[in-house]
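The values are calculated or read from the model by the stated rules, or taken from the named source; none is laboratory data. This structure is a prediction, so every number in the text was calculated from the model and none was measured. Here the Cβ positions follow ideal geometry from the backbone for every residue, glycine too, while neighbour counts run over all protein chains shown.
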Amino acid sequence: MLEVYQKWNTSRDCFLLLANKLNEKLHEGVSLEGNSIILHNKGLKGKIKFLELSNEMSLYKMELTVFEVLKFYKVTTELPEYYTILFSLNEGYDFHTFSKNLLEEEMEEIGLGGKRTVSYSSSDVLSLFKIIPADQSRFLLAIVSIAGVKKNIRARHEEAAWPDIFSNTPVNGYVTMDGLMIDEVSKPFIKEYPQFIEITYTKGLMYEILAMLAYEVAQKNKKIISGTGVAESARLVEIKNSLLDDFSRPCPSLNEMAERAHMSVTKFKTGFKKLFRMPYYQFYQHYRLMHAKKLLAAGSSIKDAAYEVGFSNAGHFTSTFKKKFNKLPSDFYNTPQ
């Protein structure tokens with residue numbers, strides 16, 4: 001089994017780092033030809049081509065034949081800086097996303113595997129992209145910065161019509177490609193162009209594909225809201241806003257919130273996770289710790305930040321904070337000038 005830990009971004013340096021890591025792991029059969037990694041190893045054959053489409057977006061075109069399990073772990077950032085969007089044209093892969101406070105051994109428990117799917121997550125969400133032995137598999141991996149989304153994609157569409165796939169909050173999800181998107185995603189694999197033409201052509205193509213993806217996510221979200229009910233969705237949004245409004249009080253229980261939403265506990269848990277992509281308690285814990293980090297950066301003491309986000313003692317806060325961010329609160333504390 002081959003495991004690679006990679007911090008993705010839009011630069012060519014990131015691509016070169018991937019080439020070095022593959023070379024270190026495989027020891028032989030890895031060569032760099034321009035913007036392509038050529039793989040000819042007993043465990044892995046094929047090509048990974050890198051296209052730097054702009055400062056805000058890059059693309060990895062992967063055509064791989066895998067003879068042993070290959071795992072790419074995404075190294076996360078503290079805040080969402082970019083999105084990884086994986087387009088799969090073949091069976092033979094699993095895509096997992098999970099919260100930062102999940103133990104590594106739990107990552108195999110929940111995953112997504114399928115043919116002709118799109119899997120996406122922001123850079124602050126842990127993910128595992130696993131390819132299992134199969135005939136040649138083809139993937140497009142787009143790396144899109146948040147700045148690029150705001151500048152070049154959202155500007156092309158009405159803000160109100162754009163779904164929350166591209167937002168500053170931690171996001172992850174997947175959709176199944178329809179026939180038209182499959183055709184568009186297949187195009188980079190059909191014909192090779194000279195580099196200067198390929199960059200221009202692929203850049204325009206990716207904006208079109210991302211617009212298709214946004215539409216599919218919006219349609220999926222409509223089905224979720226339809227399945228939950230508009231009135232119930234509105235109550236869930238109200239509850240979510242109230243959670244974010246004041247972290248100093250203890251987290252309300254599921255029973256309390258389900259009663260407030262006029263739902264059973266089971267329906268409340270299911271509806272909350274569908275709408276906000278996190279279980280109820282995980283959602284609360286994530287955002288109160290993010291708020292604590294902002295307080296520390298603004299000059300609050302560790303003790304004050306702990307009490308502000310509902311911890312009864314600084315020791316418990318410190319251990320919870322470290323489990324979440326793998327850093328101590330003191331690492332973020334900004335001494336007032």
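Yes/no matrix, rows are residues, columns are (1) surrounded by 13 or more Cβ atoms within 10 Å (Cβ to Cβ); (2) at pLDDT 80 or above:
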{"residue": "Leu210", "(1), (2)": "yes, yes"}
{"residue": "Val217", "(1), (2)": "yes, no"}
{"residue": "Gly227", "(1), (2)": "no, no"}
{"residue": "Ser233", "(1), (2)": "yes, no"}
{"residue": "Phe247", "(1), (2)": "yes, yes"}
{"residue": "Met257", "(1), (2)": "yes, yes"}
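Restricting attention to the range 163-191, the residues that are touching a Lys or Arg at 6+ places or on another chain (Cβ under 6 Å) and either among the aromatic types (Phe, Trp, Tyr) or modelled with pLDDT under 60 (or both) add up to 1.
When restricted to residues that are assigned to a loop (DSSP other than H, G, I, E, B), more than 29 Å from Phe268 (Cβ to Cβ) and among the small types (Gly, Ala, Ser), the range 281-325 contains 4. For the range 107-116, check the following and say yes or no: at least one residue is over 20 Å from Gly46 (Cβ atoms), of a type in the set (A, V, I, L, M), out of contact with any strand residue (DSSP E or B) (no Cβ under 8 Å at 6 or more places or on another chain) and modelled with pLDDT under 75. No. Restricting the range 169-208 to residues that are of a type in the set (Ser, Thr, Tyr) and in a strand (DSSP E or B), which is surrounded by the fewest Cβ atoms within 10 Å (Cβ to Cβ)? For the range 169-208, the residue satisfying everything is Thr176. From the list Ser233, Ser242, the one residue that fits, being of a type in the set (S, T, N, Q), part of a helix (DSSP H, G or I) and within 25 Å of Ser121 (Cβ to Cβ), is Ser233.
With respect to (1) at negative phi; (2) loosely packed, with under 15 Cβ neighbours inside 10 Å, the lone exception for Lys269 is condition (2). The one condition from (1) under 16 Å from Leu79 (Cβ atoms); (2) free of Cβ contacts under 8 Å to residues at least 40 places away in the same chain; (3) surrounded by 19 or more Cβ atoms within 10 Å (Cβ to Cβ) that Phe325 does not meet is (2).
Can you tell me which residues in the range 129-160 are modelled with pLDDT under 70 and either in a strand (DSSP E or B) or closer than 23 Å to Leu180 by Cα (or both)? Those that are modelled with pLDDT under 70 and either in a strand (DSSP E or B) or closer than 23 Å to Leu180 by Cα (or both): Ala134, Asp135, Val149, Asn152, Ile153, Arg154, Arg156, His157, Glu158. Within the range 37-49, identify whether any single residue is under 22 Å from the mean Cα position of the chain (by Cα) and crowded, with 17+ Cβ neighbours inside 10 Å, and answer yes or no. Yes, that holds for at least one residue. Is it fair to say Phe268 is modelled with pLDDT of 90 or more and assigned to a helix (DSSP H, G or I)? No; evaluated as a whole, the condition is false for this residue.
Considering the conditions (1) at pLDDT 90 or above; (2) closer than 18 Å to Ser233 by Cα, Thr318 is excluded by exactly one of them, (2).
Could you please let me know if Ser253 is of a type outside the set (A, V, I, L, M, F, W, C), closer than 28 Å to Ala218 by Cα and free of Cβ contacts under 8 Å to residues at least 12 places away in the same chain? Considered against the rule, which asks whether it is of a type outside the set (A, V, I, L, M, F, W, C), closer than 28 Å to Ala218 by Cα and free of Cβ contacts under 8 Å to residues at least 12 places away in the same chain, Ser253 comes out as no.
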